[in-house]
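Asks: Quick one: structure below, then a few questions.
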Amino acid sequence: MARGWRSFCVLCGFVLLVSSPVDAQVPLSQLLVNLIQADVQLAPPPPGFVSHEAHFVPGTDQQLAPYLFNQQLVAQLATFPIGSPTGGFAFTFEPSSGTFQRATNSFGPSFADRALTNGRRKLTIGANYQYSKYTSFEGSKLDNGDVKFYLAHQDVPGDNSFEGDLVQTALKLDLSSATTTIFANYGVTNNFDLALAIPVVHVSMDATVDATILRLATAGTNIHTFPGGGTTASFSDSGSASGIGDILVRAKYRFLSTPGGGLAAGVEVRVPSGDAENLLGTGAAAATISLIGSSSRGRLAPHFNVALMGSGQSDVVRIANEFSYKLGTEFVAKPAVTLTADLLGRSLIDAGRLTATDITHTFRNAAGTPGSVTLSEYVSQSGNLNLLNVALGGKFNVAGRLLINANVLLAVTDAGVTSRVTPVIGFEYAF
């Protein structure tokens with residue numbers, strides 16, 4: 001057992017050593033808002049006109065769409081699913097022989113949990129690596145300018161026709177995260193486990209805004225231009241950060257034992273140890289209670305998890321309370337191979353969504369002639385944000401009590417910020 005803890009400490013030390021932070025000049029949680037709302041500035045106006053360099057901001061009818069988009073992005077990155085710290089080897093004590101025996105032939109799921117526990121004084125350690133590239137928002141691609149925000153002119157003193165112009169900002173965003181999670185799961189008693197998961201996160205963001213002045217009210221004039229005199233310009237910013245994410249501490253108690261499964265209750269505490277300003281954590285403590293059920297029927301080992309998470313307050317972003325469920329099964333393909341399939345559902349309570357809605361802008365030109373234009377803009381809608389993923393993969397017993405796992409997370413819905421395919425690889429060892 002001492003050798004197991006030493007191995008876990010060495011693994012932790014190595015990962016921490018290579019995870020020194022790389023801070024962005026602008027905190028990543030503020031980069032997009034700054035880029036759209038502060039960096040997009042016009043050239044000084046012609047003589048006799050008031051300054052227009054920074055007079056365009058999100059309109060009130062958009063309910064600050066760039067800010068709300070950024071809030072969703074920050075919240076979803078910080079709470080993206082990571083692998084379960086449950087051990088693949090579960091043991092039960094046989095009083096008749098005085099020895100521990102395998103509780104089931106399967107090695108357990110990778111993103112869900114099962115009611116089985118490690119067994120008294122049994123320790124499992126391991127690590128998982130997953131890479132997520134976020135490619136779409138509410139079904140629109142992030143890398144080609146499909147996501148657009150419109151900046152309206154601020155109200156300035158006087159009855160000014162030029163306030164009818166808009167600035168269109170088309171976002172091109174290259175966003176990815178890589179997470180290495182090291183974990184340990186220890187059997188305190190035959191039915192009670194304690195687990196620890198330490199994620200080390202790297203986030204990279206590269207954003208460009210292609211801005212276009214829509215001269216709805218000032219056609220034929222040069223009141224609104226970008227530096228150089230044109231009506232189009234590009235603005236860019238980028239950054240990355242690495243460091244410890246939010247540490248998870250979990251307890252699981254199996255209160256109903258059946259052959260190969262039963263029912264268990266879990267309690268998980270999320271410690272706000274990650275740098276929320278740079279998308280490495282949430283900045284808020286959270287607690288999750290869960291009901292876990294599993295069984296074993298020949299080669300199949302079905303399981304389910306139902307959980308409710310309550311989150312504290314964060315100074316960086318609002319983290320919604322969450323209801324989640326996981327349904328799936330394990331299939332023992334061979335004694336050394338367990339294949340898994342899981343459906344992972346999350347409902348972020350009252351998180352809201354941004355939906356593309358036709359908004360009509362009215363304006364008048366300098367001669368007093370009225371006009372209007374209808375544009376598709378993001379508008380906040382109240383309600384829950386429902387996310388759904390499928391996890392497919394397997395665990396492979398390559399030697400002794402060493403398991404290698406390989407999985408892929410597939411996004412099923414277009415809601416929110418989406419990583420279509422997230423590969424996950426890892427290992428675990430039981431002592």
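Asks: Any chance the range 311-327 includes a residue that's over 30 Å from residue 107 (Cβ atoms), part of a strand (DSSP E or B), out of contact with any helix residue (DSSP H, G or I) (no Cβ under 9 Å at 6 or more places or on another chain) and touching a residue at least 12 places away in the same chain (Cβ under 8 Å)?
Replies: yes
Asks: A further question follows. Can you name the residue in the range 220-263 that is of a type in the set (Val, Ile, Thr) and part of a strand (DSSP E or B) and is also farthest from the chain's Cα centre (by Cα) among such residues?
Replies: Residue satisfying both the conditions and the ranking: 258.
Asks: List the number of the failed condition for residue 129; all other conditions in (1) surrounded by fewer than 19 Cβ atoms within 10 Å (Cβ to Cβ); (2) touching a helix residue (DSSP H, G or I) at 6+ places or on another chain (Cβ under 9 Å); (3) under 30 Å from residue 263 (Cα atoms) hold.
Replies: The single condition residue 129 does not satisfy is (2).
Asks: Look at residue 170 and say whether it is more than 30 Å from residue 247 (Cα to Cα), of a type outside the set (Lys, Arg) and assigned to a strand (DSSP E or B).
Replies: Yes; evaluated as a whole, the condition is true for this residue.
Asks: Here's a follow-up. State all residues of the range 399-412 that are free of Cβ contacts under 8 Å to residues at least 60 places away in the same chain and in a strand (DSSP E or B); if no residue qualifies, say none.
Replies: 399, 402, 404, 406, 408, 410, 411
Asks: Here is a further query. Just one of 312, 383, 368 is surrounded by fewer than 19 Cβ atoms within 10 Å (Cβ to Cβ) and either on the phi < 0 side of the Ramachandran plot or within 17 Å of the chain's Cα centre (by Cα) (or both); which is it?
Replies: Going through 312, 383, 368 in turn, just one is surrounded by fewer than 19 Cβ atoms within 10 Å (Cβ to Cβ) and either on the phi < 0 side of the Ramachandran plot or within 17 Å of the chain's Cα centre (by Cα) (or both): 312.
Asks: Filter the range 369-396 down to the residues that are of a type in the set (Gly, Ala, Ser) and assigned to a strand (DSSP E or B) and list them by number.
Replies: Scanning the range 369-396 gives 371, 372, 376, 380, 391, 393, 394.
Asks: Something else: Within the bounds of the range 141-150, is there any residue that is surrounded by 19 or more Cβ atoms within 10 Å (Cβ to Cβ) and at pLDDT below 90?
Replies: yes
Asks: Identify, from the list 301, 287, 341, the residue that is small (Gly, Ala, Ser), part of a strand (DSSP E or B), surrounded by 21 or more Cβ atoms within 10 Å (Cβ to Cβ) and touching a residue at least 12 places away in the same chain (Cβ under 8 Å).
Replies: 301
For (1) over 29 Å from the mean Cα position of the chain (by Cα); (2) of a type in the set (Val, Ile, Thr); (3) surrounded by fewer than 16 Cβ atoms within 10 Å (Cβ to Cβ); (4) modelled with pLDDT under 95, each residue gets a yes or a no:
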residue: 326; (1), (2), (3), (4): no, no, no, no
residue: 354; (1), (2), (3), (4): no, no, no, yes
residue: 358; (1), (2), (3), (4): no, no, yes, yes
residue: 361; (1), (2), (3), (4): yes, no, no, yes
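Asks: In the range 110-120, is there at least one residue being under 26 Å from the mean Cα position of the chain (by Cα), at pLDDT 85 or above, among the β-branched types (Val, Ile, Thr) and more than 30 Å from residue 213 (Cα to Cα)?
Replies: no
The values are calculated or read from the model by the stated rules, or taken from the named source; none is laboratory data. Keep in mind the model is a prediction, meaning the values are calculated, not measured. Ideal geometry is used to build each Cβ from the backbone, glycine not excepted, and the neighbour counts take in all protein chains shown.
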